[in-house]
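Asker: Following this message is one structure expressed as structure tokens.
Bear in mind that the values in this text are calculations on the coordinates, not laboratory data. Quantities reported herein were computed from a predicted structural model and do not represent experimental measurements. When we count neighbours, we look across all protein chains shown, and the Cβ atoms used for this are built from the backbone with ideal geometry, even at glycine.
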2 protein chains.
Amino acid sequence: MATPLRTGRPLEQALPAAPGASQEEIRRQNLGAVLRYVHVHGPTSRAELTARLGLNRSTIGALAADLAAAGLVTEEAEAPTAARRAGRPSLVVSPRSARVYTHALSIEVDRLRAARIGLGGRILDLREVGRPSGMPVLDAVGPLAGLVREMAGAAPEDALLVGGGVAVADTTRDDAGRIRIGLTEEHLGAALRAELGPGPGFVTGDLADIAGLAEHIRGVAAGVNDLVYLHGDLGVSAGIITGGRLVTGHRGHSGKVGHMVVNPDGLRCGCGSRGCWETEVGETALLRHAGRPAGDRAAVLEVLRAAAGGEPAAAGAVRQVADWLGFGVANLVNVVNPDLVVFGGSLREVYAAGAGLVRRRLDTMALPASREHVQLRAAALGRNAALIGAAELAFDQLLADPLNAGVAG
Amino acid sequence: MATPLRTGRPLEQALPAAPGASQEEIRRQNLGAVLRYVHVHGPTSRAELTARLGLNRSTIGALAADLAAAGLVTEEAEAPTAARRAGRPSLVVSPRSARVYTHALSIEVDRLRAARIGLGGRILDLREVGRPSGMPVLDAVGPLAGLVREMAGAAPEDALLVGGGVAVADTTRDDAGRIRIGLTEEHLGAALRAELGPGPGFVTGDLADIAGLAEHIRGVAAGVNDLVYLHGDLGVSAGIITGGRLVTGHRGHSGKVGHMVVNPDGLRCGCGSRGCWETEVGETALLRHAGRPAGDRAAVLEVLRAAAGGEPAAAGAVRQVADWLGFGVANLVNVVNPDLVVFGGSLREVYAAGAGLVRRRLDTMALPASREHVQLRAAALGRNAALIGAAELAFDQLLADPLNAGVAG
């Protein structure tokens, strides 16, 4: 990948200073800390920034003024409240969401999506096209670049593009309709840049990692530092965050949890192994258990609807998948000891339909010390999690160095 | 635990500065960076420290002088070499290993160990007693405190105790000889302190985590930032390090990899589940496959010797365990994407005896992208890994703030 996804760092913490950090570096960190705070938490008074970031009032004032002068935030007087009628009102610092933005892209199993996402995580524009079966990742560059050009044409003239991010699903279908994995293209970032010409580059990463990051920053896992985000589509992948940091692995391939073998006597998997978790919990498994032909996401939702309506085969399929879902979750809980497991993608609906069974299996298999404290939750950001997360990657350079980064490309 | 094990941080990096880091904090970080460097790498010239830490020559000189004045390092002129005959020789900064030390303890399945370990990781004194079957963790406090008092009595009068660390195996036998897990006692640090009186406290942690940390800092995984350390005794636990940081999990229970279920039709495990990985690869499994009664570590080594000598039942047992070992490693490689898997404890010998089979199973099960780059290695620090790692925990406070920490207790 052109600019590989870096291991994340805790959000409310400045970058580590090098041993010989200069005053200039410290100022850059502090600017980043203020901008990151309002990016994540939204409009915040100078008084609150002072309290949250451990800097003094005059420093916060100077930093906010610098960020405002750079066109990254606005400052406005706080509306007076009953509690704050006396004294000077504190200025409120707000991210300029409509002006400062990124291009966020996702290459999903069955579609290509592109969004303009503003500072603060606001979706300003969102477009998508289908992704035909068998379309290689690099062939998505043309259509995605087309969506990006359309959005750029519709953007206000004074808007400031500060970066790009792409989330790539690691599962796809080949042109015979079979599931393939690990087709993520290393040269994707470079290809997008070549297609789109000058401007900020694209940071690329695994879709489950990126969607997990989005849930961690703005979703159901906000404030949670040890979590496993499970993304279901044709297969199952995870974004694992421990100690507030994304686990990317040695080469960015961590979280291929769909290929944990859970059933040595199970079915042959697309990866060449047998009894992988996703052969029991992927979309294909649900359709198979329900006695239906392989199909798309609509077919999966139809099984879930039928199960809710009491159709025995569909209800049985949901029970079976939920039980295996709990099985793999138990393994991950024993290995990672998260305090939260989040179900996203098509696993969101499967979890919603079979939550009790997932929990029951978890409770029979995971160690008491780990299972007692772990919570299970459906994802909050829905189908936009990957785009929102891709925007977070894209904002990272700006947040690390607000006055010098991003815009140069 | 009194002072729970913190998530580690990359070794060659100063602590992150708070947004408003003062000059005093920066100086403290720089002192820590110099002391940590010589602690990990041994005697180092000022010239090399200047190059490695990115500080200028005069700053390094001042920091080293301060550390020497505090009695933490010595400075001596470098012996002249052919390459360095001209010019002033650079002073060499060395950790005062014989003077500055920690108390490192381990509560293992069958024994209790205590060491005095000096700055730089040198073992100055090492004592052990047996741990009877069924001895609860808290009952180990008395005998361990006895060993500590003996060592303290034998230490030089001017020696400086800066901290204590304890590694606790999460597996033990109850008094009926059955395997029990998760008996790690939360109040261990407090109990040791109560028994030993005033002085630095004890940081406690899981034995596999701590042994893995030791291999990462001074063993076969030095310089490797994404690794899984597997520790075998009655069961199997892991120390997982990603991006240079130890994964501790939400409550410090990560790495219970012995309780990943790999064989749903397998044997009932001591944890209450069925087919856990350690039912196939723990010491008991090897003895069972070899047709021998349950036994201790000596019995395990005897099976490995018999296998090496060609005894069919023993050789078959090693093959079976090695195959299941590769099975679980494949799952972990898919989940974590490490660049190194280290086999320690009794898995060290099992791996040595069946390395080819472990690799073969890994290669049939793990995804190509992850398996192609992962190396498998036997642990380097042997039975002392847990003690060496416990000392690292104990030195942490000193290394974070060399002139003010540790000695106050």
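Asker: What residues qualify as long-range amide H neighbours of residue A:160, i.e. H under 5 Å apart, gap of 5 or more or another chain, H built at 1.01 Å from N?
Answerer: A:100, A:101
Asker: Moving on to the next point. Please sort B:293-303, B:334-344 by packing, taking for each peptide the average over its residues of neighbouring beta carbons within 10 angstrom, highest first. Can you show the working numbers first?
Answerer: Details: B:293-303: 15.3, B:334-344: 26.5.
Ranking, from highest mean packing down: B:334-344, B:293-303.
Asker: Just the C-alpha atoms of chain A: what Rg/Rh do they give, with Rh taken as the Kirkwood radius? Intermediate results must be reported in sequence, preceding the final value.
Answerer: Working: Rg = 22.5 Å, Rh = 22.4 Å.
My calculation puts Rg/Rh at 1.01.
Asker: What ranking do A:364, A:279 get, fewest neighbouring Cβ atoms within 10 angstrom at the top?
Answerer: Working: A:364 14, A:279 27.
Fewest-to-most ranking of A:364, A:279: A:364, A:279.
Asker: Let a ≥ b ≥ c be the square roots of the eigenvalues of the Cα gyration tensor of the protein assembly as shown; is it rounded (a/c under 1.5), or, if not, prolate (a/b larger than b/c) or oblate? Mind dumping the intermediate values first?
Answerer: Details: a/c = 1.80, a/b = 1.09, b/c = 1.65.
Note, shape of the protein assembly as shown comes out oblate.
Asker: Given 0.36 nm per residue, what is the gain on full extension from residue A:110 to residue A:98 after removing their alpha carbon distance, in nm? Intermediate values should be presented prior to the final figure.
Answerer: Details: separation 12, 0.36 × 12 = 4.32 nm, distance 2.97 nm.
Taking 0.36 nm per residue and subtracting the Cα distance, the gain is 1.3 nm.
Asker: Now a separate question. Which distance in Å, rounded to a whole number, links the C-alpha centroids of the range B:256-313 and the range B:18-70?
Answerer: Between the Cα centre of the range B:256-313 and that of the range B:18-70, the gap is 49 Å.
Asker: For the range A:225-380, what is the charge dipole size about the Cα centre, in debye to the nearest 20, if Lys and Arg each add +1 at the Cβ and Asp and Glu each add -1 at the Cβ?
Answerer: Values: 16 positive and 14 negative charges, 30 e Å.
It works out to roughly 140 debye.
Asker: For residue B:308, go 7 angstrom from Cα along the Cα-to-Cβ vector, then report the distances to that same point in the other copies in nm, smallest first.
Answerer: In ascending order, 6.3 nm.
Asker: How do A:227, B:192 line up, fewest other C-beta atoms within 10 Å first? Could you put the intermediate results ahead of the total?
Answerer: Details: A:227 26, B:192 23.
Going from least to most buried by this count: B:192, A:227.
Asker: If you don't mind, there's one more thing I want to ask. Where nothing but the Cβ of Lys and Arg (+1) and of Asp and Glu (-1) is charged, how large is the charge dipole of chain A around its Cα centre, in debye to the nearest 20? Working shown, then result.
Answerer: Working: 42 positive and 42 negative charges, 133 e Å.
About 640 debye.
Asker: So, one more: To check you understand DSSP bridge types, tell me what percent of the beta bridges within the range A:225-380 (both residues inside) are antiparallel, rounded to 5. Please report the intermediate quantities before stating the final value.
Answerer: Values: 10 of 20 bridges.
Roughly 50 percent of the beta bridges in the range A:225-380 run antiparallel, per DSSP.
Asker: Now, a different point. Put +1 on the Cβ of each Lys and Arg and -1 on the Cβ of each Asp and Glu in the protein assembly as shown; which of B:253, B:32, B:55 then has its Cα farthest toward the positive end of the dipole?
Answerer: Most positive-ward Cα: B:55.
Asker: With a 10 Å Cβ neighbour count serving as the proxy for reagent exposure, in which order, fewest first, do A:206, B:363 appear?
Answerer: Numbers: A:206 28, B:363 13.
Lowest count first: B:363, A:206.
Asker: Same structure again: Output, in nm with one decimal and in ascending order, the distances from the residue A:319 label point to the matching label points of the other copies (7 Å from Cα along Cα-to-Cβ).
Answerer: Result for residue A:319, in nm, nearest copy first: 4.2.
Asker: Any idea what the relative contact order of chain A is, in percent, if you count C-alpha pairs under 8 Å spaced at least 6 apart?
Answerer: Once divided by the residue count of chain A, the mean separation gives 18 percent.
Asker: Relative to the other copies, what are the label-point distances for residue A:372, with labels 7 Å from Cα along the C-beta vector, expressed in nm at one decimal and sorted shortest first?
Answerer: Copy-to-copy label distances for residue A:372: 4.6 nm.
Asker: Among B:267, A:271, A:336, whose Cα sits farthest toward the positive end of the charge dipole of the protein assembly as shown (+1 at Cβ of Lys/Arg, -1 at Cβ of Asp/Glu, about the Cα centre)?
Answerer: A:336
Asker: Additional query: Spelling out what I want: for every residue of the range B:238-245, take phi, set θ = phi - 60°, compute 6.51 cos²θ - 1.76 cosθ + 1.60 (Karplus), and round to whole Hz; glycine and proline get x.
Answerer: Listing the rounded values in order: 10, x, 10, 10, 10, x, x, 10 Hz.
Asker: Just the number, please: percent antiparallel of the DSSP beta bridges in the protein assembly as shown, rounded to the nearest 5.
Answerer: Details: 70 of 120 bridges.
Just about 60 percent of them are antiparallel.
Asker: Counting Lys and Arg as +1 and Asp and Glu as -1, each charge on the Cβ, what is the dipole of the protein assembly as shown about the Cα centre in debye, to the nearest 20? Mind showing how you got there, number by number?
Answerer: Details: 84 positive and 84 negative charges, 42 e Å.
My answer is approximately 200 debye.
Asker: Give the percent of DSSP beta bridges with both residues in chain A that are antiparallel, rounded to the nearest 5. Each step should come with its number before you reach the end.
Answerer: Values: 35 of 60 bridges.
Percent antiparallel among DSSP bridges in chain A is about 60.
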